[in-house]
Amino acid sequence: MKKAMNQSKLNLILNSISLISLFFMILLLFAYGSVKGDLSDATEDRFNLTYNANRFMNGSAYLTNEVRAYAATGDQTHYDNYWNEINNLKNRDLGVAAMQEIGITDQEQAMVDQMAALSNNLVPLEEGAMEQVQAGQMAEALEYVYGSDYSLVTANITSLKQQFLDALDTRTKAEVRSLTRTADIITLIIFLFMLLVGFMQLIVMKTTNQKILKPVITVRDQMGEISRGNLSAEFTLQPDTSEIGMLVQSIHETKSELKKYISDIDSKLAQMAQGKMDLSIGSDYRGEFQPIQKAMGQILDSLNKALSQINQTAEQVSTESEKMASDSQTLSNGAVAQASAVEQLSSSIQNLSSQVNSTSQDADNARRLSMDAAAQLEACNQKMADLTTAMDDISKSSQQISGIIKTIEDISFQTNILALNAAVEAARAGSAGKGFAVVADEVQSLANKSAEAAQNITNLIQNSINLVKHGTSLSADSTQSLDQGVAKARQSTELVEHIAQSAREQAESLAQLTQGMEQISEVVQTNAAAAESSAASAQELRAQAGELKDSVQRFRLRR
C-alpha cells in the first residue's frame, strides 16, 4: 500500500497557514488603524502649529501696524487697540503657548524666543512713539516707528518669521509623508496577505475537492451499492496510508469478506437443496457473522433431526392411514344410508306441512269471511236501532200533532159558538145587522169546514200512529233477532279465530320441524360428504405418506 499524507494533516497545514495569515492581517489592520490615527493627528498638529505661528506673527505685526497708524493719525482707537492686544488679547503669548503644547523642536523654540526678544525690544520704541504722539510731536513719533532701528528690528523679525514657518512646514510635512508611506506599506502588506489567504483557500478548496469530496462521494456510491446487495460494482479507488485510503482499504476488505461469506453460504445451501444434510459448517466466520455460522449449524442439526423424525412418522402415518381409509369407507356407507332415510322423512314432513299450510289458509279465509259477516250483522243491528229510534220519534211527533188537532177542534167549536152568537145578535139588530149576519154565516160555515177537516186529519193521524206503533213493534222484534244473530256471529267468529290460530301454530310447528329436518338432512348430507371426503383423503393420505417416505429417504442424513 503506497504512502500518502493524511488528509487531516494536509488540511491542518493549509488551514494553519490561512489562520496565521489572517492573524497577521488582523495585526496589520490594527497597525494601519494606529498609523491612520497618527496621520490624522499629525495633519491636525501641522494645521494647528501653522495657525498658532501665524497667530504669534500676526500679533507682532498687529502691534507694529497699530503704533504706526497711531503715529500717523493720532487716532486714539489705534492706541486703544495696541494696549488691548498687549493686555487682553495677547495673541503672541497664546500662540507660543499653543505651539509649545502641541510640540516644537529646540531649534524652532530658539527662533520663537529670538522673535519674542526682538519684539520685546520694539516695545520701548513703540511706547516712546506713542508718548510723543500724545505730546503732539507727530514728526518725531513717525521718525521713531519708521526709523532705521525700528525698521531693522522688524526686518529681522520678518526674516525669522519666514525661517520659522519654513522649518515648521518642512518638519510637519516630513512627518505626514512618513506616516502616509507607512500606511501605504501596511495597506500593501494587507493586500498581499489577502492574496495569500485567498490563494490558500483555493488550495484548500481544490485539495478538499480532490482529496476528500470526490473520494467520499465515490465511497458513498460504493456503500450504496453494497447496501443494495451489489458486491460486484466497480470501485476504482486504491488504498493508501491516508484516512480516505484506509477507508477504501476497509471497503475492499469488507467486499472481499462479504463475497467469501456469501459464496460459502450459497455453496452450503446448494448442497442442502440437493439433499446433502451431512454437511459441517466451518469456523472461519468473524465478528457479527459468527451468529450466522452458528445458526446454519443449528439449522443443519434441526433439519437432520426433523427429517429423521419425519421419516419415522411417515412410516407410522402410512400404516395408520390404511386403517383410517378402511374405517372411513365404512363410515361413508353408513352416512349415505342415513342420508337417504332422512331425505324420505323430510319429504313426508314437507307434504304434511303443505297440507297443514293449506288448512291454515282455509281457516284464515273462513275467519275473514266470518268477521265480514259479523261486521255486516253489526251494521244491520245498528241500522235497526237507528230505525227504532226514528219510529219512536215519529210516534212522538204524531202524538204532538194529535194535540194540535185537538186545539184546532177547540178553535173550530169556539168559532162555531161565536158564529151562532153573531147570528143571534144580527137577528136582534134587524136590517142593520144583515151584513153582519152574512159574515156570521160564513164564519160558521168556515168553522164547520175546519171541524170536518180537523176530524179527517185526526183520523189520518190516528191511522199513522197505529201504523207507526205496528212498525215500532216490528222494528223492536227485528232488532232483538239481529242482536241474537250478532251474538251467534261473534261466537262463530271466535271459534273460527281459534281454529285459524291453532292451524297457524300447527303450520309454524311443522315449518320448524321441516326446517329442523332440513338442517338434519344437510348435516347428514354434510356428514356423508365428509365421510366420503375423509375416505378419499385417507386414501390420498396413504399415497402421500408413501411419497413422503420416499422423499425423506432421498436426503443424506447424518448417522
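The values are calculated or read from the model by the stated rules, or taken from the named source; none is laboratory data. All values reported here derive from a predicted model rather than from experimental measurement. All Cβ positions, glycine included, derive from the backbone under ideal geometry; neighbour counts span all protein chains shown. All accessible areas refer to the heavy atoms of the entire protein, side chains included, with ligands and DNA or RNA removed. Shrake-Rupley method; radii C 1.70, N 1.55, O 1.52, S 1.80 Å.
From the phi of every residue in the stretch 296-301, what ³J(HN,Hα) in whole Hz does the Karplus formula 6.51 cos²θ - 1.76 cosθ + 1.60 yield, where θ is phi - 60° and glycine or proline is x?
4, x, 5, 4, 4, 4
Using a probe radius of 1.4 Å on heavy atoms only, what accessible surface per residue do you get for the stretch 221-317? Whole Å² is fine.
Value for the stretch 221-317: 61 Å² per residue.
Could you tell me what percent of the accessible area of the stretch 136-241 is made up of carbon and sulfur, with a 1.4 Å probe and every protein chain present?
Here carbon and sulfur together make up 61 percent of the probe-accessible area.
Determine the share of the stretch 72-129's accessible area contributed by carbon and sulfur atoms, expressed in whole percent, with a 1.4 angstrom probe.
47 percent
Which listed residue (P124, S227, V112) has the Cα farthest towards the positive end of the charge dipole for the stretch 104-228, taking +1 on Lys and Arg C-beta and -1 on Asp and Glu C-beta about the Cα centre?
Result: S227, furthest along the dipole toward the positive end.
May I ask you to list the residues of the stretch 49-64 whose amide nitrogen lies under 16 Å from a point 7 Å from Cα along the Cα→beta-carbon direction of A98?
Within reach of a label on A98: 49-62.
If you place +1 on the Cβ of every Lys and Arg and -1 on the Cβ of every Asp and Glu, how big does the dipole about the Cα centre of the stretch 215-291 come out, in debye to the nearest 20?
Here the stretch 215-291 has a charge dipole of around 240 debye.
In debye, nearest 20, what is the charge dipole magnitude of the stretch 51-163 about its Cα centre with +1 on Lys and Arg Cβ and -1 on Asp and Glu Cβ, if you could check?
Here the stretch 51-163 has a charge dipole of around 280 debye.
Testing the spin-label approximation: label points 7 Å from Cα along Cα→Cβ at A529 and A110. State their distance in nm.
Distance between the two pseudo-spin positions: 14.2 nm.
For L460 and S308 in the same chain, what is the full-extension length gain: residue separation times 0.36 nm, less their Cα-Cα distance, in nm?
That pair, L460 and S308, stretches by 41.8 nm at full extension.
Considering amide H positions built from the backbone, and no H for Pro or chain starts, which residues 5 or more places from D240, or on another chain, come under 5 Å of its amide H?
G245, M246, Q249
May I ask you to derive the FRET efficiency for N156 and E44 from their Cβ-Cβ distance with R0 = 30 Å, giving the value to the nearest 0.05?
Step by step, r from the Cβ atoms, then E = 0.45.
Where the centre of each part is set by its Cα atoms, how far does the stretch 204-224 sit from the stretch 85-123, in angstrom?
Result: 78 Å between the Cα centres.
What is the spin-label model distance, in nm, from D550 to K206 if the labels are put 7 Å beyond Cα along the C-beta direction?
Here the modelled spin labels are 7.8 nm apart.
Take N88 and S340, extend 7 Å from each Cα along the Cα→Cβ direction, and tell me the distance between the two endpoints in nm.
The modelled label-to-label distance comes out at 16.0 nm.
Give the aspartates and glutamates whose C-alpha is closer than 20 Å to that of K294, dropping any in the same chain fewer than 8 places away, or say none.
Reachable aspartates and glutamates: E257, D264, D266, D278, D284.
So if we plug the beta-carbon distance of Q163 and Y62 into 1/(1 + (r/R0)^6) with R0 = 22 Å, what FRET efficiency do we get, rounded to 0.05?
After rounding to 0.05, the efficiency reads 0.60.
For D41, D149, what's the largest-to-smallest order of accessible area, 1.4 Å probe?
Ranked from most to least accessible, the order is D149, D41.
Work out from phi, with θ = phi - 60° and the Karplus expression 6.51 cos²θ - 1.76 cosθ + 1.60, the ³J(HN,Hα) of each residue of the stretch 185-200, listed in order in whole Hz, and give x for Gly and Pro.
Calculated HN-Hα couplings, in order: 5, 4, 4, 5, 5, 4, 4, 5, 5, 4, 4, 5, 4, x, 5, 5 Hz.
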